[in-house]
Protein chains: 2
Amino acid sequence: MSFLDHVRHCNAYSLADFVPFRVGSARVGWIRRPLTLELMRFGSLFHVFEDLVHLNPDLRTAEERTEAVDQALSALRGDGLVGRLRGERYAVMERPGTEVLIEMDRGAVTQFGIVNLGFHLTGVVGHGPDTRMWIARRALDKTTYPGHLDNMVAGGHPAGLTPRQNLLKECAEEAGIPEALAESAVPVSMISYTMEVPEGLRRHAFWSYDLQVPVEFTPEPVDGEVDSFTLMDIDDVACIVETSDAFKYNCNLVVIDWLMRTGRIDPAHPDFHELSVGLHQPWP
Amino acid sequence: MSFLDHVRHCNAYSLADFVPFRVGSARVGWIRRPLTLELMRFGSLFHVFEDLVHLNPDLRTAEERTEAVDQALSALRGDGLVGRLRGERYAVMERPGTEVLIEMDRGAVTQFGIVNLGFHLTGVVGHGPDTRMWIARRALDKTTYPGHLDNMVAGGHPAGLTPRQNLLKECAEEAGIPEALAESAVPVSMISYTMEVPEGLRRHAFWSYDLQVPVEFTPEPVDGEVDSFTLMDIDDVACIVETSDAFKYNCNLVVIDWLMRTGRIDPAHPDFHELSVGLHQPWP
């Protein structure tokens with residue numbers, strides 16, 4: 001186990017078993033071949049070809065597309081072909097910052113290979129060798145990665161919010177961070193990767209924020225996503241990341257990026273360049 | 001002109017006219033086809049094939065290879081086929097951190113498409129909205145980019161020094177920064193790109209360092225590389241980068257990376273992801 005192992009783990013995929021998913025002229029995702037066959041049952045909603053799935057181009061607005069696909073997702077969920085629907089929608093675009101073509105339930109974005117935006121916030125107390133980092137332990141009843149270590153706050157980016165609105169919302173919900181403190185968080189980088197998993201293709205990007213936490217503030221789990229918070233010495237955090245899988249897989253990347261941005265991974269480290277490239281990958 | 005234009009400018013290349021250059025089993029560079037024909041005059045030193053140039057594998061040590069290639073480079077320089085030889089050698093490796101296979105004069109690395117390591121240092125005074133940045137103007141008699149704006153200190157990475165030794169050396173030589181101050185510089189990222197230029201292929205990576213400069217310190221040109229230093233408001237620096245080519249081409253990337261690491265480019269910026277990926281590219 002090494003820093004690089006975590007980065008490589010998040011960047012391991014093959015497109016051999018996937019076909020592109022298009023909305024209009026934009027390629028917005030990748031779908032596994034077996035799932036494309038299941039999509040044929042929805043009549044003309046999806047135009048399924050051997051090397052392409054095209055959403056019916058007669059659906060001309062994001063609203064029309066979203067409503068039609070929502071119904072299909074409910075049926076697919078009934079057959080266990082997509083994940084638990086969350087009632088939280090992600091904006092689907094050709095790339096971040098372009099027109100929203102359709103909104104899709106968070107529970108299906110991996111199966112459709114949609115780009116999944118979000119943020120992670122690193123909370124630290126103190127400076128220099130005395131720096132400590134607030135680490136969350138995920139609730140034991142979470143569907144994904146229960147009990148794993150996590151960054152202080154993290155969340156997917158629902159459609160209709162700005163990155164900052166979502167940050168303030170999640171800071172309050174997950175850790176009881178007051179708005180005045182959350183407002184001081186600084187966006188410092190974007191981490192992106194593509195990872196093949198049994199459910200489909202994770203094409204992820206998240207903004208990484210740094211928050212200098214006053215020593216007198218203690219985060220509190222509010223919405224049940226987090227079991228507990230612990231303030232750890234930064235060397236211990238770095239050691240856990242470098243030697244174990246105790247953190248949820250992608251939280252390791254946030255810590256590695258933080259260690260690189262603060263001079264704690266030496267430039268002469270033989271993996272420095274591969275880490276740097278691996279943290280900031282384009283998507284297929 | 002935009003931030004993204006600078007990043008794209010540094011990442012524009014085609015390998016159509018290049019062939020790989022190998023030393024032992026490692027591909028260490030790329031050479032334009034016309035130059036490969038010129039290499040045939042050196043007898044068995046280079047094994048020149050249609051799709052490959054291989055350094056004679058009978059040369060078994062880095063010293064043997066370096067000495068033999070140095071002689072060839074002098075001849076090529078005489079015919080104007082490589083750049084002015086600097087008497088400063090770069091370590092040639094398959095990738096940073098691996099065995100040094102040969103050392104090559106800095107004046108020829110672009111023609112051979114060798115990975116070129118270095119560093120740039122960003123010097124800032126103050127914090128928050130009052131932050132100012134020390135900007136160098138390159139000497140008017142420099143061979144490359146005379147009179148252009150530059151980061152406070154920058155330098156290629158000569159063989160045989162650690163990154164930190166080189167940083168301290170260049171800080172003293174280019175800006176008169178005392179060792180105690182230079183020691184406080186923090187390595188914060190690595191920027192890498194591949195750029196086709198008339199001379200060949202620039203495969204560059206440099207470590208970016210941040211230095212918090214005390215308000216009472218003023219940098220002074222020492223070795224003649226820099227014409228003058230100016231302390232600029234950060235908004236002015238950002239504006240110059242976003243709207244002009246006043247900076248030496250790759251210094252723009254250092255400023256953009258700094259603006260992204262300090263929250264001065266908003267996460268909602270439509271180019272955020274492409275900038276992030278473009279600043280941290282793998283090499284061909």
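The values are calculated or read from the model by the stated rules, or taken from the named source; none is laboratory data. If you're wondering where the values come from, they're calculated on a predicted model, not measured in any experiment. All Cβ positions, even for glycine, are placed from backbone atoms using ideal geometry, and neighbour counts span all protein chains on display.
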I need a count of the residues in the range A:229-264 that are facing chain B (nearest Cβ under 9 Å) and surrounded by fewer than 22 Cβ atoms within 10 Å (Cβ to Cβ). 3
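Just checking, which of A:LEU81, A:LEU117, A:LEU73 is touching a His at 6+ places or on another chain (Cβ under 7 Å) and of a type in the set (A, V, I, L, M)?
Just a single option satisfies the conditions, and that option is A:LEU117.
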The one condition in (1) free of Cβ contacts under 8 Å to residues at least 12 places away in the same chain; (2) surrounded by 14 or more Cβ atoms within 10 Å (Cβ to Cβ); (3) more than 19 Å from B:LEU81 (Cα to Cα) that B:ALA26 fails to fulfil: (1)
I need a count of the residues in the range A:137-178 that are closer than 19 Å to A:TRP258 by Cβ and not in a strand (DSSP E or B). 10
Picked from the range B:208-226 (must be buried (at least 17 other Cβ atoms within 10 Å of the Cβ) and under 23 Å from B:THR143 (Cα atoms)), the residue modelled with the lowest pLDDT is B:GLU225
Would you call A:GLY278 buried (at least 16 other Cβ atoms within 10 Å of the Cβ), out of contact with any strand residue (DSSP E or B) (no Cβ under 7 Å at 6 or more places or on another chain) and modelled with pLDDT of 95 or more? yes
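Across the range A:76-102, what is the total count of residues that are in a strand (DSSP E or B) and more than 22 Å from B:GLU274 (Cα to Cα)?
Total satisfying the criteria: 1.
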Within the set of pairs 6 or more residues apart or between chains, which connect a residue that is without any contact (Cβ under 8 Å) to a residue 60 or more places away in the chain inside the range B:146-159 to a residue that is of a type in the set (Lys, Arg) and buried (at least 17 other Cβ atoms within 10 Å of the Cβ) with Cβ atoms less than 8 Å apart? B:PRO146/B:ARG138
Restricting the range A:153-204 to residues that are of a type in the set (A, V, I, L, M) and within 12 Å of chain B (Cβ to nearest Cβ), the one farthest from A:GLY123 (Cα to Cα) turns out to be A:LEU161
Could you give me the residue pairs with C-beta distances under 8 Å whose first residue belongs to the range B:1-19 and is at pLDDT below 95, whose second residue is surrounded by fewer than 17 Cβ atoms within 10 Å (Cβ to Cβ) and not charged (D, E, K, R) wherever it lies, and which are 6+ apart or on separate chains? B:MET1/B:THR243; B:MET1/B:SER244
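Here's the yes/no breakdown for (1) more than 23 Å from A:HIS54 (Cα to Cα); (2) buried (at least 22 other Cβ atoms within 10 Å of the Cβ):
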site	(1), (2)
A:GLY78	no, no
A:LEU81	no, no
A:GLY87	yes, no
A:TYR90	no, yes
A:MET93	no, no
A:GLY97	no, no
A:ALA108	no, yes
A:HIS120	yes, yes
A:GLY126	yes, no
Specify the residue that is farthest from the other protein chains (Cβ to nearest Cβ); the eligible residues are those in the range B:68-114 that are of a type in the set (Asp, Glu) and under 18 Å from the mean Cα position of the chain (by Cα). B:ASP105
Taking the conditions exactly as written (more than 27 Å from B:PHE272 (Cβ to Cβ) and surrounded by fewer than 20 Cβ atoms within 10 Å (Cβ to Cβ)), does A:ALA159 satisfy them or not? no
In the range B:171-195, the residues that are buried (at least 20 other Cβ atoms within 10 Å of the Cβ) and among the acidic types (Asp, Glu): B:GLU174
Residues in the range B:67-97 that are of a type outside the set (A, V, I, L, M) and touching a residue at least 24 places away in the same chain (Cβ under 8 Å): how many? 10
